[in-house]
1. Within 6 Å of the ligand (Cβ to nearest atom), assigned to a strand (DSSP E or B) and of a type in the set (A, V, I, L, M), is that true of A8?
2. Scan segment 106-115 and tell me whether some residue there is of a type outside the set (F, W, Y), buried (at least 20 other Cβ atoms within 10 Å of the Cβ) and in contact with a Leu (Cβ under 7 Å, 6 or more places away or on another chain).
3. In segment 64-77, how many residues are buried (at least 16 other Cβ atoms within 10 Å of the Cβ) and part of a loop (DSSP other than H, G, I, E, B)?
4. Any idea which of L157, L167, L175 is closer than 26 Å to A46 by Cβ, more than 16 Å from the ligand (Cβ to nearest atom) and modelled with pLDDT under 90?
5. Evaluate segment 174-182: report whether one residue or more is surrounded by fewer than 19 Cβ atoms within 10 Å (Cβ to Cβ), in contact with a His (Cβ under 8 Å, 6 or more places away or on another chain) and farther than 25 Å from A8 by Cβ.
6. Out of all the residues in segment 44-52, is one or more within 16 Å of the ligand (Cβ to nearest atom), under 28 Å from A201 (Cα atoms), in contact with a Cys (Cβ under 8 Å, 6 or more places away or on another chain) and modelled with pLDDT under 95?
7. Give the residues of segment 21-33 that are out of contact with any Gly (no Cβ under 6 Å at 6 or more places or on another chain) and either within 22 Å of V217 (Cα to Cα) or more than 10 Å from the ligand (Cβ to nearest atom) (or both), sorted by residue number.
8. When the residues of segment 78-99 are filtered to those that are exposed (fewer than 13 other Cβ atoms within 10 Å of the Cβ) and of a type in the set (G, A, S), which remaining residue is farthest from L109 (Cα to Cα)?
Amino acid sequence: MDAAIEVADLRKTYRGRRTGEVRAVDGVSFRVERGEFFGILGPNGAGKTTTLEIVEGLRRPDSGEVRLLGRSPWPHSPDLTRRLGVQLQASAFFEFLTAREQIETFAELYGATKARAAEMLETVGLAEHAAVRCEKLSGGQQQRLSIACALVGDPELVFLDEPTAALDPQARRNLWDLMRAINAEGRTVVLTTHYMEEAEALCDRVAIMDAGRVKAVDSPAGFIRKLDAPTRVTIASGQLTDERIAELASGETVTGGDGTVVFETRDPRKLLTALASDGALEGLAVRTANLEDVFLHVTGREWRG
Ligand SMILES: Nc1ncnc2c1ncn2[C@@H]1O[C@H](COP(=O)(O)OP(=O)(O)OP(=O)(O)O)[C@@H](O)[C@H]1O
């Protein structure tokens, strides 16, 4: 079977009188398998939105190839469009419509029924707010409505562009559950985000983008494994003698200060077992490498999402 998405050597330069030339997408290639939850992770301005718009067929690249479900997004064909769900920014809503009217408008565009529209409002937890005008919905509710609109046509392939931007942590977690459920139904999901922990929590594979390029693609666990970084184990100081600390560190790095002792170890299980048997677990914190460390390693610069 064809891949869900195949992208080869996409390029797009914006030319503005004030900004000059901006190479927003500078030779991007990747492949997304059917059923995958694929993330495009990068800081603001990395070129994620431009890449996504090109893949969705909303924007034409200067050069490069896109295949969606085995077909070219150009010229547009209703057959293909019907199989895609594109989450538009909430700002694209008609603010004077209610949530129900908004999604029913989308349903009509996709040839879906009103019953399906009502079901999608239910799925995203907005059934009780169906009669509320879009402008009166909270940020999280608007994002959920925009996801419901993207799903109303029962798409195989769903594109979500920073769906949790500017949401509070609880609303973000709720949306994570919704996105997981969409993927669990067998839909391919492509998500752009500048939240590391979001990519880590949701995605099967992640493309790390920076300055218009895909720097690397792997699963979150694969990235972290390849990094081969030590685990940092922190405990409160004053629980162990210096000799015992040196013994436990057994040649690996140990630092202290600020009332803590920090071990960097490649064998956290052994160290934690020893600390437990010494009864020295006060203030325990264990930090393994995360995608932030991966970003630094892959791009050579600190994450400043
Ligand atoms: N329509 C446009 N005209 C001119 N420059 C643009 C346009 N859209 C984006 N850019 C520029 O292209 C670069 C990539 O932008 P893009 O929106 O694709 O990145 P992004 O990773 O999605 O960032 P963000 O998270 O801020 O949306 C940025 O430097 C941006 O300023």
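The values are calculated or read from the model by the stated rules, or taken from the named source; none is laboratory data. Worth saying up front: this structure is predicted, and the values here are computed from it rather than measured. Cβ sites come from the backbone with ideal geometry, for glycine too, and all protein chains shown count toward neighbours.
1. Details: within 6 Å of the ligand (Cβ to nearest atom): no; assigned to a strand (DSSP E or B): yes; of a type in the set (A, V, I, L, M): yes.
No, not satisfied.
2. Looking for residues that are of a type outside the set (F, W, Y), buried (at least 20 other Cβ atoms within 10 Å of the Cβ) and in contact with a Leu (Cβ under 7 Å, 6 or more places away or on another chain), one finds none in segment 106-115, hence no.
3. Filtering segment 64-77 down to residues buried (at least 16 other Cβ atoms within 10 Å of the Cβ) leaves 64, 66-69, 73.
Add one more test, that the residue is part of a loop (DSSP other than H, G, I, E, B), and what stays is 69, 73.
So the count comes out to 2.
4. Working: L157 fails: modelled with pLDDT under 90; L167 fails: more than 16 Å from the ligand (Cβ to nearest atom).
Residue meeting the stated conditions: L175.
5. No, because not a single residue in segment 174-182 is surrounded by fewer than 19 Cβ atoms within 10 Å (Cβ to Cβ), in contact with a His (Cβ under 8 Å, 6 or more places away or on another chain) and farther than 25 Å from A8 by Cβ.
6. Residues of segment 44-52 that are within 16 Å of the ligand (Cβ to nearest atom), as a first pass: 44-52.
Going one step further and asking which of them are under 28 Å from A201 (Cα atoms), we end up with 44-52.
Filter once more, keeping what is in contact with a Cys (Cβ under 8 Å, 6 or more places away or on another chain): none.
Looking through segment 44-52, none of the residues is within 16 Å of the ligand (Cβ to nearest atom), under 28 Å from A201 (Cα atoms), in contact with a Cys (Cβ under 8 Å, 6 or more places away or on another chain) and modelled with pLDDT under 95.
7. Within segment 21-33, the first condition is being out of contact with any Gly (no Cβ under 6 Å at 6 or more places or on another chain), and the residues that meet it are 21-22, 27-33.
If the condition is that a residue be out of contact with any Gly (no Cβ under 6 Å at 6 or more places or on another chain) and either within 22 Å of V217 (Cα to Cα) or more than 10 Å from the ligand (Cβ to nearest atom) (or both), then G27, V28, S29, F30, R31, V32, E33 are the ones that fit.
8. Step by step, filter segment 78-99, then rank; the result is S91.
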